[in-house]
């Protein structure tokens, strides 16, 4: 969990990162649904711009951000369990590969247009938390799913802990707040999208 990842906009060196690849199926969520969700979290063009600026600030700090997040996971055995064997033994290679993709996710959140391709990959990420696809990308002998409750709960640590990193970009407090608010909205939006495979048919 200590190897420094090399996130990029292409993800060419990141195992299992498939943004824009043919194997990523079209999301069953429509672009209209996406626009409505964006409205529900008050995410607009100004937030997209703030995220682009956040990406510039965070791009050189990905390793440090992941150190904080993985430190948090490591302090909570019930979270480590989702990257462990069914007997409870952590799988270092699985953790490392997911960590690299987490770095890509940070930059995707900040720099990608929230279009059909982005929406499709949100569905792919969602499925990789469920029995449909968890473990398959990395051929990991791990537990079959991450419960939805932990995805929802993770909104707070992933949101709260990023602000100090945004503050290191030399921007005034107003700009830092705008970047942080945009980040929070985007994380909430994405978790809402990731919840789809967990929902009862017809009431997502």
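The values are calculated or read from the model by the stated rules, or taken from the named source; none is laboratory data. Treat the numbers as computed from the prediction; the structure is a model and nothing was measured. Cβ placement follows ideal geometry from the backbone for every residue including glycine, while neighbour counts extend to all protein chains displayed.
Quick one: in region 140-171, of everything that is without any contact (Cβ under 8 Å) to a residue 12 or more places away in the chain and under 20 Å from the mean Cα position of the chain (by Cα), which residue is surrounded by the fewest Cβ atoms within 10 Å (Cβ to Cβ)? Quick ask: steps written out before the conclusion?
Of the residues in region 140-171, the ones without any contact (Cβ under 8 Å) to a residue 12 or more places away in the chain are 147, 149, 153, 156, 160, 164, 167, 170.
Remaining after also requiring under 20 Å from the mean Cα position of the chain (by Cα): 147, 149, 153, 156, 160, 164.
Numbers: 147: 14, 149: 9, 153: 12, 156: 11, 160: 11, 164: 14.
So the residue we want is 149.
Given the conditions (1) under 18 Å from residue 70 (Cβ atoms); (2) outside any helix (DSSP H, G or I), report the number of the one that residue 156 does not fulfil.
Answer for residue 156: the failing condition is (2).
How do the pairs read when you match residues in region 172-188 that are more than 21 Å from residue 105 (Cα to Cα) with residues anywhere that are buried (at least 20 other Cβ atoms within 10 Å of the Cβ) and at pLDDT 95 or above, using Cβ under 8 Å and keeping only pairs 6 or more apart or on different chains?
175/50
Only one of 65, 57 is within 22 Å of residue 15 (Cβ to Cβ) and in contact with a helix residue (DSSP H, G or I) (Cβ under 8 Å, 6 or more places away or on another chain). Can you tell me which?
Working: 57 fails: within 22 Å of residue 15 (Cβ to Cβ).
Just one listed residue meets the conditions, 65.
Among (1) free of Cβ contacts under 8 Å to residues at least 24 places away in the same chain; (2) within 14 Å of the chain's Cα centre (by Cα), which single condition is residue 203 missing?
(2)
Look at region 116-132 and say how many of its residues are within 16 Å of the chain's Cα centre (by Cα) and either at pLDDT below 95 or outside any helix (DSSP H, G or I) (or both). First the steps, then the outcome.
In the first step, residues of region 116-132 are kept if they are within 16 Å of the chain's Cα centre (by Cα); the result is 117-130.
Next, only the ones that are either at pLDDT below 95 or outside any helix (DSSP H, G or I) (or both) stay: 128-130.
Of the residues in that region, 3 qualify.
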